[in-house]
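Down below is the structure, laid out as structure tokens.
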Amino acid sequence: MSTTAPPRRSEAPVAVRPQRRRKVDAAFYVMLLPALALFTLLIIGPALAGMYFSVTNYVGYGEYSFVGLANYLVLFTDPRILAAYGFTLGFSVVAVLLVNAIALFLAVLLNSKIRFKTALRGVFFIPMVVSGIVIAYVFNYIFSTSLPAVFGSLGITAWSSSILANESWAWVAVVIVTAWQAIPSALIIYLAGLLAIPEEVYEASSLDGATPWRQFTAITLPLVAGYVVINTVLGFKNFLNAYDIIVGLTNGGPGTATSSVAMTIFTGFTSGDYAYQMANAVVFFIITVVISVLQLRIINRRGVSL
Amino acid sequence: MLVNGPPRGGISRRSLLRIAGLGAAAGALPLSLSGCGAGAGSGGTTLRWVANKPEVLAVFDELAAQYNASQSGVVIDHDGTQTSIVPQFVRGGPPDVACYNYNLETSNYVRGGVLADLAALPAAQTINPDYQSLVTQYASYEDETSVLPWSVTAAGVIYNVQLFADNGVEVPETYSQLVEACQKFRSAGVTPIYTTARDVWTLGQGMWDYATGSGADVPAFFAAKLAEGDESGKPTFLETFSPVMRNVLDLRQYFNPDFASKTYADGNLAMAQGQVAMYLQGPWAFGEIAKTSPDLELGTFSIPMTEDADDRAVRVNLDLAMWVPTASASVEDAQAFVSWMMQPEICTAYNQENLAFSPLQGAPSTADPRIAGLAPYLDAGRIYQGAGTFVPNTIPLQNYFQGALLDGDGEGMLRTLDADWDRLAARSALS
């Protein structure tokens, strides 16, 4: 095979020719085709099929008939589904706030002039490479066995039973573990943002006598604001889909206190409730799209892009 | 009319598949895959036999080898893969023959009419009607015999024989005797009933199923619930199970105090260490307990929930049952294999060795002393399939029951069940 480079047209002075934005080379469209075909086959097709089945009483196989919007109407009166939406949205908001606050705090620390900076950064990234279900099982053991034993031996009886068995507080455990796993990726983005802030502005502000807190609020925060938005959008998307960590920690319990929307949708596969949960999935999809569009509009206003 | 041809493909949204990691199911387009065709070139037929009960895979391998050696027309290819069968039906490539757990999910194949009628097999006449009728409690298709029971397991309260003797406690026959026994154990410093509420399935198969089965007529209740017609005239969970629920909640004081955070493994360990008098688990727990204490003397009894000793019954399930899809490569050859499997020297022998009961008429009861206490109920036909097993798992009954044990609101739980059931019936997913 020869390695002759294709002739580069733009080098020629002919480029001066006033060219209207005319036809794009057909090659680009041809190159786009495989991706488009795969995307349609694997994503758009199944999505449309799911929407189609959501107006039937299909159980996953066999015959079915159309039931119109019945699945949707029942959906909006099903307290268990509504509770799952309430839990998922509330959990996402809390998790986004917690993850961003801690990740930004750690990023500022890891970006300051400390020793072992590289090694510490490495340590803080570890949770990102461990699978969610593994993390969940490890924390399950900590919450159910280790912590109760510790509190029990300290004589704090109120804390000596597992938080995972407590209907009112199990969600806190879910948030803690989710945050533990999600912080590193937010941290990376914040570190990139902090590295982009020129050192000179800090020097100038310290000459003006600004305290570290003032530097943080007046310089760091405004200059990483775009990254905050990015982390919020990405985080929200991930937390709304919460599944593996909850399955490993509480399996939706105690009772149904920590059942997420994704978990209720998945029950449709095994229980012949396919069409109903497809309707649930469509509603969930719309909600996710609306939230994402709102966030993207905020991003555009701030002049940053993903 | 019901389809017997290749079922339509099910396509699902990408996000779901990503969540589930069911990458393979993404190709659930109507592929005309036949899971297993005729044996290439060998002249005989190869049948894919799905039998994946994890504990006894080696037994199944051995049975397949025996059958293959006994004749030359058919090769049984044992498939012990631990996957769901639903996608195989969806893709149009179901097993050619199966020996599989029979439950509400499997009963959907019966209802859908995708299984061949086995009524004409002589082997079908050898099955105890008490057990055969369990099949149609979940679903039936016309008057066909779509499924033949092969292994019946029974569950009840596992008890520590030594602790009962040491404390002068007899096996309780009424609810008040049960409470009395609990009080004796508690004052002797023994945990009366060990409960593992962190693993909700242990509650579902345990306290919920056993208590409702002995305290109410579960088969009649669900026969009424699943009958045609709207929900208004039918019995409700609330009125049927309220008295049982009250007794169950009263029993909580005799649980281990930390029952909310204990798991199945904790329960087996506590039982094995001899600290516990009673433990509500199925026969599968015996093997786990024996890992720690192989010589612990254990027995099983049916939990009494009323003052009438005759109300007691035993929870059974069709742990394994044989069926042949109509889409089998050769229904006839598969049926011959089923007949072979139903022979007493194979079927009854398996059950006697595996803490289970043979579904064949006149088969001797299983002699293992750990489950001998349940045998009289099975012989007398006082059996039921657990109330939890009739409820599709789109209704998280086990989680609701866990919630009720934690907050003590039994009636609230039963009301939620009624509301969920009606909602499910309204969208006609049930029948």
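The values are calculated or read from the model by the stated rules, or taken from the named source; none is laboratory data. Computed from a prediction, not measured in an experiment: that's the story for all the values here. For neighbour counting, all protein chains shown are included, and Cβ atoms are generated from backbone atoms with ideal geometry for every residue, glycine included. Remember, those area values only see protein heavy atoms, side chains included, never the ligands or the DNA or RNA. Shrake-Rupley method; radii C 1.70, N 1.55, O 1.52, S 1.80 Å.
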Exactly one of A:PHE91, A:PHE105, A:PHE124, A:PHE28 is open to solvent by 50 Å² or more (accessible area, probe 1.4 Å), more than 14 Å from every other protein chain (Cβ to nearest Cβ), touching a helix residue (DSSP H, G or I) at 6+ places or on another chain (Cβ under 8 Å) and in a helix (DSSP H, G or I), and that residue is A:PHE124
Look at the stretch B:271-310 and say how many of its residues are part of a helix (DSSP H, G or I) and either out of contact with any helix residue (DSSP H, G or I) (no Cβ under 9 Å at 6 or more places or on another chain) or surrounded by fewer than 19 Cβ atoms within 10 Å (Cβ to Cβ) (or both).
8
From the list B:ALA98, B:ALA120, exactly one residue is aliphatic (A, V, I, L, M), open to solvent by 50 Å² or more (accessible area, probe 1.4 Å) and either assigned to a loop (DSSP other than H, G, I, E, B) or farther than 29 Å from B:PHE221 by Cβ (or both). Which is it?
B:ALA120
A:ILE156 vs (1) more than 14 Å from chain B (Cβ to nearest Cβ); (2) under 18 Å from A:SER260 (Cβ atoms): all pass except (2)
Among the residues of the stretch B:248-270, write down those that are small (Gly, Ala, Ser) and touching a helix residue (DSSP H, G or I) at 6+ places or on another chain (Cβ under 9 Å).
B:ALA260, B:SER261, B:ALA265, B:GLY267
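I'd like to verify a number: residues in the stretch B:49-79 that are of a type in the set (Gly, Ala, Ser) and within 19 Å of the chain's Cα centre (by Cα), how many? Give the derivation first.
Residues of the stretch B:49-79 of a type in the set (Gly, Ala, Ser): B:51, B:58, B:64-65, B:69-70, B:72-73.
When the remaining residues are screened for being within 19 Å of the chain's Cα centre (by Cα), the result is B:51.
Counting residues in the stretch B:49-79 that are of a type in the set (Gly, Ala, Ser) and within 19 Å of the chain's Cα centre (by Cα) gives 1.
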Restricting to the stretch B:123-140, name every residue that is part of a loop (DSSP other than H, G, I, E, B), open to solvent by 10 Å² or more (accessible area, probe 1.4 Å) and farther than 15 Å from B:SER151 by Cα.
B:SER140
Top-ranked residue of the stretch B:314-342 - restricted to ones that are modelled with pLDDT of 95 or more and assigned to a loop (DSSP other than H, G, I, E, B), ranked as surrounded by the most Cβ atoms within 10 Å (Cβ to Cβ)
B:VAL324
Over the stretch A:256-273, the set of residues assigned to a helix (DSSP H, G or I) and either more than 7 Å from every other protein chain (Cβ to nearest Cβ) or at pLDDT below 85 (or both) is A:VAL261, A:MET263, A:THR264, A:THR267, A:GLY268, A:PHE269, A:THR270
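Could you pull out the residue among A:ALA182, A:ALA218 that is under 26 Å from A:ALA136 (Cβ atoms) and either small (Gly, Ala, Ser) or surrounded by fewer than 16 Cβ atoms within 10 Å (Cβ to Cβ) (or both)? Quick ask: steps written out before the conclusion?
Values: A:ALA218 fails: under 26 Å from A:ALA136 (Cβ atoms).
Answer to the check: A:ALA182.
Taking the stretch A:187-215 only, how many residues are open to solvent by less than 20 Å² (accessible area, probe 1.4 Å) and of a type outside the set (A, V, I, L, M)?
3
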What about B:GLY168, is it surrounded by fewer than 21 Cβ atoms within 10 Å (Cβ to Cβ) and closer than 30 Å to B:LEU269 by Cβ?
yes
Scan of the stretch A:95-126 for residues that are among the polar types (S, T, N, Q) and touching a residue at least 60 places away in the same chain (Cβ under 8 Å), ordered by number
A:ASN100, A:ASN111
I'd like to know if the stretch B:364-372 contains one or more residues that are part of a loop (DSSP other than H, G, I, E, B), over 17 Å from the mean Cα position of the chain (by Cα), buried (at least 21 other Cβ atoms within 10 Å of the Cβ) and more than 11 Å from chain A (Cβ to nearest Cβ).
yes
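Just to be sure, is B:GLU173 open to solvent by 60 Å² or more (accessible area, probe 1.4 Å) and without any contact (Cβ under 8 Å) to a residue 24 or more places away in the chain?
Numbers: open to solvent by 60 Å² or more (accessible area, probe 1.4 Å): yes; without any contact (Cβ under 8 Å) to a residue 24 or more places away in the chain: no.
Spelling it out, it is not the case that B:GLU173 is open to solvent by 60 Å² or more (accessible area, probe 1.4 Å) and without any contact (Cβ under 8 Å) to a residue 24 or more places away in the chain.
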